[in-house]
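The values are calculated or read from the model by the stated rules, or taken from the named source; none is laboratory data. Bear in mind the structure is a predicted one, so any value in this text is a computation, not a measurement. As a convention, Cβ positions derive from the backbone with ideal geometry for all residues, glycine included, and neighbour counts pool all protein chains shown.
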Amino acid sequence: MSHPSPGSADQRHFFRKDERLRSKIAFEYLFEHGSSFRIGVLKFFYVFDLPNKYINSPLSVAFSAPKRRYRHAVTRNYFKRRMREAFRLNKSNLKEELNKNGRNLVILMVFSGGSNTQYAQIEKSIVRALDRLSQKLSNDL
């Protein structure tokens with residue numbers, strides 16, 4: 001069985017380890033210099049052009065579900081998995097644009113919906129947010 005070539009129509013989607021935001025300094029920079037907006041059941045914190053010494057990829061992301069609102073770890077992990085999957089499947093356009101412009105972006109996604117929130121709602125919020133960030137990237141140039 002042959003693998004699809006990069007950039008082909010049946011492009012494989014990955015969420016690589018270097019795309020995960022883990023650096024404490026990067027989080028501090030995000031909260032100090034970043035902006036935020038809310039779409040649907042998610043709140044997004046983001047900052048463009050973080051110094052490269054804090055991150056390993058042009059697009060770095062973290063996912064969160066607050067313990068105060070979702071007491072059980074099972075529930076928090078469930079929503080974080082849904083956010084990761086929706087992001088993994090829809091990030092390609094934004095990542096290409098960042099690579100093309102030589103910029104980077106850090107995003108923190110915080111889930112704030114109810115415990116009966118469906119995957120479709122999460123995915124719709126992420127798609128709209130990624131489009132908004134892509135437009136903001138285009139407008140900044």
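Of these, Asn116, Asn139, which one is surrounded by fewer than 16 Cβ atoms within 10 Å (Cβ to Cβ) and assigned to a helix (DSSP H, G or I)?
Result of the check over Asn116, Asn139: Asn139.
May I ask you to list the residues in region 77-116 that are out of contact with any strand residue (DSSP E or B) (no Cβ under 7 Å at 6 or more places or on another chain), closer than 18 Å to Phe14 by Cα and among the charged types (D, E, K, R)?
Arg81, Arg82, Glu85, Arg88, Glu96, Glu97
Looking at (1) under 23 Å from Gln135 (Cβ atoms); (2) of a type outside the set (D, E, K, R); (3) more than 12 Å from the chain's Cα centre (by Cα), which is the one condition that is false for Pro58?
Answer for Pro58: the failing condition is (3).
So, in region 89-121, of the ones that are aliphatic (A, V, I, L, M) and under 12 Å from the mean Cα position of the chain (by Cα), which residue ends up farthest from Asp18 (Cα to Cα)?
Val110
Which residues, taken from region 115-135, are without any contact (Cβ under 8 Å) to a residue 12 or more places away in the chain and not hydrophobic (A, V, I, L, M, F, W, C)?
Asn116, Gln118, Asp131, Gln135
Considering only residues that are under 19 Å from Asp140 (Cβ atoms), aliphatic (A, V, I, L, M) and surrounded by fewer than 21 Cβ atoms within 10 Å (Cβ to Cβ), which ones fall in region 40-61?
Matches in region 40-61: Val47 only.
Output the number of residues of region 62-77 satisfying the condition of being buried (at least 17 other Cβ atoms within 10 Å of the Cβ), among the aliphatic types (A, V, I, L, M) and outside any loop (DSSP other than H, G, I, E, B).
Adding up the residues that qualify gives 1.
Looking only at region 15-44, which residues are touching a residue at least 60 places away in the same chain (Cβ under 8 Å), more than 13 Å from the chain's Cα centre (by Cα) and in a loop (DSSP other than H, G, I, E, B)?
Gly34, Gly40, Val41
Given the residues Arg103, Arg84, Arg88, which is the only one that is in a loop (DSSP other than H, G, I, E, B) and at pLDDT below 95?
Arg103
Taking region 35-57 on its own, how many of its residues are within 28 Å of Ala120 (Cβ to Cβ) and among the polar types (S, T, N, Q)?
3
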